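A short write-up of the structure that comes next.
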Amino acid sequence: MRLEDIKTIGIVGAGQMGRGISQVCATAGYQVLLVDVAEPPLTEALVKIRAGLKRAVEQGSLTDHQAGAVPALIRPKVQLDQLRDVQLVIEAIPEDLAMKQELLTELNRVCQPQTVLASNTSSMSITKLGAASGRPDRVVDLQLHESGPRDATRRSRVRPRNIRANIASGHRSGETAGESPCGGQGRAGVHREPCPDSDDQ
Ligand SMILES: NC(=O)c1ccc[n+]([C@@H]2O[C@H](COP(=O)([O-])OP(=O)(O)OC[C@H]3O[C@@H](n4cnc5c(N)ncnc54)[C@H](O)[C@@H]3O)[C@@H](O)[C@H]2O)c1
């Protein structure tokens, strides 16, 4: 899978991370299918994404025009099989090994063989998750962070500017270094993006 082949991204879990990741992926121009188990978290996510876009405009990091185009790119779904034609799936469900393993097994069944499955896990072995998926060579650790604009630590953020770099540098299951399944150079360990002082969304 080449980075430029990715047009539509499936995001599973519409909680704190899933909605932030959806927002930056759509702001970067990707079509997003956002999946959760029920409508309420999806509705809440879309409300919060709109609020996040409004803040971005107020802060001058997005124009009205840019922000206005984002919501239409995010389509909420409650069925996993809607992800059958996406090129990349990023899971952002709760940090529970059995849940994530079950989800990856299901995604392996639903998605095309070439689809890359990424996990936003903050603590789990990507190799263990990859083994459960049935496609370990196409599972990457894509840990993204959501620090709101008012987060005093400002350690790291998911940013449209470098979402592609994040995708390209995902750490593959069973890999310590080398080329990532999305092209680009994979990195050993978890990729953390720096948060420069300036706003660059
Ligand atoms: N919150 C953070 O600051 C942070 C930072 C880095 C990484 N992470 C990691 O990101 C992941 C998500 O964390 P979060 O804080 O966003 O969780 P969250 O609890 O806010 O959201 C999880 C969402 O996943 C949904 N969900 C659960 N099972 C599902 C399934 N089978 N299919 C579809 N949706 C499902 C839930 O309904 C919920 O909306 C975790 O692995 C966490 O460790 C979180």
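The values are calculated or read from the model by the stated rules, or taken from the named source; none is laboratory data. Being a predicted model, the structure only gives us computed values, none of them experimental. Here the Cβ positions follow ideal geometry from the backbone for every residue, glycine too, while neighbour counts run over all protein chains shown.
For segment 70-82, what are the residues that are outside any helix (DSSP H, G or I) and surrounded by 12 or more Cβ atoms within 10 Å (Cβ to Cβ)?
Once the filter is applied, which keeps residues that are outside any helix (DSSP H, G or I) and surrounded by 12 or more Cβ atoms within 10 Å (Cβ to Cβ), segment 70-82 yields Val70, Ile74, Arg75, Pro76, Lys77, Val78.
Condition first: without any contact (Cβ under 8 Å) to a residue 40 or more places away in the chain and assigned to a loop (DSSP other than H, G, I, E, B). Now tell me which residues in segment 83-102 satisfy that. Don't jump to the end; show me each part of the working.
Let us first name the residues in segment 83-102 that are without any contact (Cβ under 8 Å) to a residue 40 or more places away in the chain, namely 84, 95-102.
Of everything in segment 83-102, those that are without any contact (Cβ under 8 Å) to a residue 40 or more places away in the chain and assigned to a loop (DSSP other than H, G, I, E, B) turn out to be Arg84, Glu95, Asp96.
From the list Ala67, Ala51, which one is exposed (fewer than 15 other Cβ atoms within 10 Å of the Cβ), away from the ligand (no atom under 14 Å from the Cβ) and either in contact (Cβ under 8 Å) with a residue 40 or more places away in the chain or more than 19 Å from Leu117 (Cα to Cα) (or both)? First the steps, then the outcome.
On the way: Ala67 fails: exposed (fewer than 15 other Cβ atoms within 10 Å of the Cβ).
On inspection, the qualifying residue turns out to be Ala51.
Results for (1) within 14 Å of the ligand (Cβ to nearest atom); (2) under 15 Å from Ile21 (Cα atoms), shown as yes or no for each residue.
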| position | (1), (2) |
| --- | --- |
| Glu44 | yes, yes |
| Val47 | yes, yes |
| Gly60 | no, no |
| Leu83 | yes, no |
| Ala98 | yes, no |
| Leu117 | yes, yes |
| Ala131 | no, no |
| Pro136 | no, no |
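Mind listing whichever residues of segment 1-32 are crowded, with 22+ Cβ neighbours inside 10 Å and in a strand (DSSP E or B)?
Ile9, Gly10, Ile11, Val12, Val32, listed by residue number.
Looking only at segment 13-42, count how many residues are of a type in the set (S, T, N, Q) and within 9 Å of the ligand (Cβ to nearest atom). Write out each step before concluding.
Keep residues of segment 13-42 that are of a type in the set (S, T, N, Q), which gives 16, 22-23, 27, 31.
Filter once more, so that each one left must be within 9 Å of the ligand (Cβ to nearest atom): 16.
Within segment 13-42, residues that are of a type in the set (S, T, N, Q) and within 9 Å of the ligand (Cβ to nearest atom) number 1.
Does segment 98-154 hold any residues that are at pLDDT 85 or above and among the hydroxyl-bearing types (Ser, Thr, Tyr), and which are they?
Hits for segment 98-154 are Thr105, Thr115, Ser119, Thr121, Ser122, Ser123, Ser125, Thr127, Ser133.
Take Thr127 and tell me if it is surrounded by 13 or more Cβ atoms within 10 Å (Cβ to Cβ) and either over 24 Å from Glu4 (Cβ atoms) or under 14 Å from the mean Cα position of the chain (by Cα) (or both). Talk me through it step by step, then tell me what you get.
On the way: surrounded by 13 or more Cβ atoms within 10 Å (Cβ to Cβ): yes; either over 24 Å from Glu4 (Cβ atoms) or under 14 Å from the mean Cα position of the chain (by Cα) (or both): yes.
Yes; evaluated as a whole, the condition is true for this residue.
Only residues that are touching a Leu at 6+ places or on another chain (Cβ under 8 Å) and part of a loop (DSSP other than H, G, I, E, B): list them for segment 33-47, please.
Asp36 - this is the single residue of segment 33-47 that is touching a Leu at 6+ places or on another chain (Cβ under 8 Å) and part of a loop (DSSP other than H, G, I, E, B).
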